[in-house]
1. Using DSSP to define loop residues, name the GluC sites (Glu not before Pro) in segment 32-121 whose beta-carbon has at most 14 other beta-carbon atoms within 10 Å.
2. Give the cross-link partners of Lys60 among the lysines, using a straight C-alpha distance below 17 Å as the criterion and excluding same-chain residues fewer than 8 apart.
3. Find the relative contact order for segment 27-111 and round it to a whole percent, using C-alpha pairs within less than 8 Å whose residues are 6+ positions apart.
4. Taking the Cα centre of segment 11-109 as origin, sum charge times position over the Cβ atoms of Lys and Arg (+1) and Asp and Glu (-1), and report the length of that vector in debye to the nearest 20.
5. Counting only residues 5 or more places away or on other chains, whose amide H sits under 5 Å from the amide H of Arg10 once H atoms are built in the peptide plane?
6. What ranking do Leu62, Leu108 get, fewest neighbouring Cβ atoms within 10 angstrom at the top?
7. Could you list Lys31, Lys84 so that the one with the fewest beta carbons within 10 Å of its beta carbon is first and the one with the most is last?
8. Between the DSSP loop rule and a limit of at most 13 other Cβ atoms within 10 Å, which chymotrypsin sites (Phe, Trp or Tyr not before Pro) in segment 4-68 are left?
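None of the figures in this text is laboratory data; all of them are computed from the coordinates on show. Predicted model only: the values in this text are computed from it and were never measured. So basically every Cβ, Gly included, is an ideal-geometry build from the backbone, and we count neighbours across all protein chains shown.
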Amino acid sequence: MEGSDSYLIRPNYQHKFKPAVVKECIRETVKARLSEVQYDPDEVSELTRTLADSVKNKVKKLGFDRYKFVVQVTIGEQRGQGVKMSSRCLWDADTDNYAEDVFMNFVLCGGRVWKLFLLSSREYECGGG
């Protein structure tokens, strides 16, 4: 039904966000890239960008239609300190969700993916939102 209007305002069960599947995707991507990496402050900016792009591309291939992805990757040097991070989002608890994973060796890496279900402006108006 390409090109036709769709008035579906909730994803069907097969297309709902599955945090466990996305968490495994984050884990595999980060582990494959960072297993042997030493922390280098001159390279961490580019490494963070490429990891975020890799995670985003792999998650897109999982086939969750009509979702907008937000991917955040944070990398720091592992020296025994702790790190606490938090975020806030305004979302629909029935359709939106997130997945995260933490990887540690010589670096500490946190990866997070938020998936937000998209309504077109026409659907939003029709849905009374």
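1. Values: sites: Glu36, Glu43, Glu46, Glu77, Glu100; in loops: Glu36, Glu43.
Within segment 32-121, the qualifying GluC sites (Glu not before Pro) (loop, at most 14 other Cβ atoms within 10 Å) are Glu36, Glu43.
2. Answer for Lys60, where 17 Å is the Cα cut-off: Lys16, Lys18, Lys23, Lys68, Lys115, listed by chain and number.
3. Working: 69 pairs, mean separation 34.6, N = 85.
Across segment 27-111, relative contact order equals 41 percent.
4. On the way: 16 positive and 15 negative charges, 76 e Å.
So the magnitude is around 360 debye.
5. Long-range HN contacts for Arg10: none found.
6. Values: Leu62 14, Leu108 20.
Ranking Leu62, Leu108 by Cβ neighbours within 10 Å, fewest first, gives Leu62, Leu108.
7. Values: Lys31 13, Lys84 4.
Fewest-to-most Cβ neighbours within 10 Å comes out as Lys84, Lys31.
8. Numbers: sites: Tyr7, Tyr13, Phe17, Tyr39, Phe64, Tyr67; in loops: Tyr7, Phe17, Tyr39, Phe64.
Those that pass, being in a loop and sparsely packed, are Tyr7.
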